[in-house]
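Below: the structure, in structure tokens.
Readers should treat all values here as calculations from the given coordinates under stated rules, not as data from a laboratory. This one's a predicted model, so the numbers in the text were calculated from it and none came from an experiment. Cβ sites come from the backbone with ideal geometry, for glycine too, and all protein chains shown count toward neighbours.
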Amino acid sequence: MKTIIEPFRIKAVEPIHMTTREERIEKLKAVNYNLFALKSRDVIIDLLTDSGTGAMSAEQWAAIMRGDESYAGSPSFSRFEAAVRNLMPFEHIIPTHQGRAAEAILFSLLGGVGKNIPSNTHFDTTRGNIEAGGALAHDLVIEEGKDPTNLHPFKGNMNLEKLEAYLTEHGDSVPCVMLTITNNAGGGQPVSLENIQAVAKIAKAFGRPFIIDGCRFAENAYFIKQREDGQGDRSIVDIVRDCFACADGMTMSAKKDGFANIGGWLALNDGDLAELARAKLIQTEGFPTYGGLAGRDLDAIAQGLTEIVDEDYLRYRIRTNEYIIEGLDALGIPVVKPAGGHAVFIDARAWLKDIPPLEYPGQAVAVALYEIGGIRSCEIGTVMFGRQPDGSEIPAAMDLVRLAIPRRTYTQSHADYIVEAFGELAANVDNLRGYRISKEPKLMRHFTCAFEPL
Ligand code: F0G
């Protein structure tokens, strides 16, 4: 059969509150054109993030009831630990309430003034946790990964020559080497198994621990299976195990490929480092057998980890993004290619050539998409990255709009609706105007700033 169906039936539904275009024009004015300030009830299709917004399965809800809320030694923890270790063979598995909590603990131990930490591309919370302690975060993704139209199959790969030069230059100031799979900030692009193993080898040669940010490990493994020589006949589980077997630790947000609404973990092989991490965990998150989570959350993750590696699910998951991209491509809308694992990215700078970066073409697309179809997306460009620490403003490297796809949540008709809304947008693209920011906070302005249409 050619049609790739959603490989699930729907057992519980959440009604969508429909709004009219006139209502949405009013809502936009009321929130000063900042989509973060909208009430989710006023959104028809919410593509703000794929984090914690997926649908849990019947077995996950059953696992929730099995959850044991004991403060110490809960069987929920044992099930969680076994499920993680089945895929990622680390010695020490330390639960946290989110991915960024795992990062905060790790970099409170490894970071600090004078330290330098490389990755393909650090996610913004990772960078934030590194920089908060005074260390510097550097991105060493391959050049192909920075070109939205380049069709390289593994655009998330680390530039290995740059990594070696970096480790030679920075020597002992590098406490670890990181790698984000898939590379969210670089368009959800995958990293090949060959590249993961090569990074591990280089880190080892320099005596540095290798830590993987594994948030979207299953999507990454599916791309490896599809695109990497010699991997096509292997199971997703085997590929996942190989990805992590060569690492010394990982950080994880279970809100992505943990199929859960909350949760995360830090895993390490180094017993001394793990002991320090557990002490920090007790101080900031909770006892080591629950971290910042309820026992039921640990059980939901344990079950989720058995479902996320299902190939029928992953095929549907990745196909959804390709399907939307094919629709946008047919409309002549520039998108980041090939399709990433968790999101579709529109290249707003290439599309709205008349709106300069400092008038925020990504924001113009995001606002218009909400007005036309009630679809909430996210600007990832000059609004998010343009303001500099010295107060000046410069264009970001790219002006993208991210349509992040929640897991198991929307169907093909929702995808068709998204493409139709873009069709309407494309027909009126010459009428779009840029924005100016009329009010902004000192840090992370995109969450709360106010915009005015120009
Ligand atoms: N690492 C990556 C690659 C991420 O994408 C995220 C979160 C985190 C770490 C932090 O995890 O949210 O559980 O604290 N990304 C979300 C997003 C927020 O929308 O891309 P968290």
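Here are a few things to note about the model shown:
- Across the range 135-146, computed HN-Hα scalar couplings (Karplus, 6.51 cos²θ - 1.76 cosθ + 1.60, θ = phi - 60°) run 7, 10, 10, 10, 9, 10, 5, 4, 4, 4, x, 9 Hz from first to last residue, x flagging Gly and Pro.
- Least to most buried among ARG407, ARG9 (fewest other Cβ within 10 Å first): ARG9, ARG407
- Bridges between two residues of the chain, per DSSP, are antiparallel at a rate of about 65%.
- Computed over the chain, relative contact order equals 23 percent, with contacts defined as Cα pairs under 8 Å that lie 6+ residues apart.
- Tensor-based shape of the range 58-307 (alpha-carbon gyration tensor, a/c under 1.5 rounded, otherwise prolate or oblate): oblate
- Entries of LYS39/LYS256; LYS11/LYS155; LYS11/LYS39; LYS39/LYS115; LYS225/LYS256 with Cα pairs more than 29 Å apart: LYS11/LYS155; LYS39/LYS115
- In this structure, the amide hydrogen of ALA396, modeled 1.01 Å from its nitrogen in the peptide plane, lies closer than 5 angstrom to those of THR382, counting only residues at least 5 positions away or on a different chain.
- Residue-by-residue Karplus 3J(HN,Hα) for the range 107-114, coefficients 6.51, -1.76, 1.60, Hz, glycine and proline x: 7, 5, 9, 9, x, x, 4, x
- Placing +1 on the Cβ of every Lys and Arg and -1 on the Cβ of every Asp and Glu, with no other charges, gives the chain a dipole of roughly 620 debye about its Cα centre.
- For the range 86-103, backbone phi angles converted through the Karplus equation (6.51, -1.76, 1.60; θ = phi - 60°) give residue-by-residue couplings of 4, 9, 10, x, 8, 5, 10, 10, 10, x, 9, 7, 8, x, 5, 6, 5, 5 Hz, Gly and Pro being listed as x.
- Partner aspartates and glutamates for LYS204 [C-alpha distance under 19 Å; skip if fewer than 8 residues away on the same chain]: GLU91, GLU161, GLU164, GLU169, ASP172, GLU194, ASP213, ASP242, ASP248, ASP270, ASP272
- Normalised contact order of the range 58-307, rounded percent, pairs of Cα under 8 Å and 6 or more residues apart: 32 percent
- Set of aspartates and glutamates near LYS2 by C-alpha distance (under 15 Å), chain-local residues within fewer than 8 positions excluded: ASP312, GLU322
- DSSP-assigned coil residues among GluC sites (Glu not before Pro) in the range 55-109, each with at most 16 further Cβ atoms within 10 Å: GLU69, GLU91
- Its residue count N sets the reference 2.2 N^0.38 Å, and the alpha-carbon radius of gyration of the chain equals 0.96 times that reference.
- The separation of the range 335-358 from the range 185-247, counted between C-alpha centres, amounts to 26 Å.
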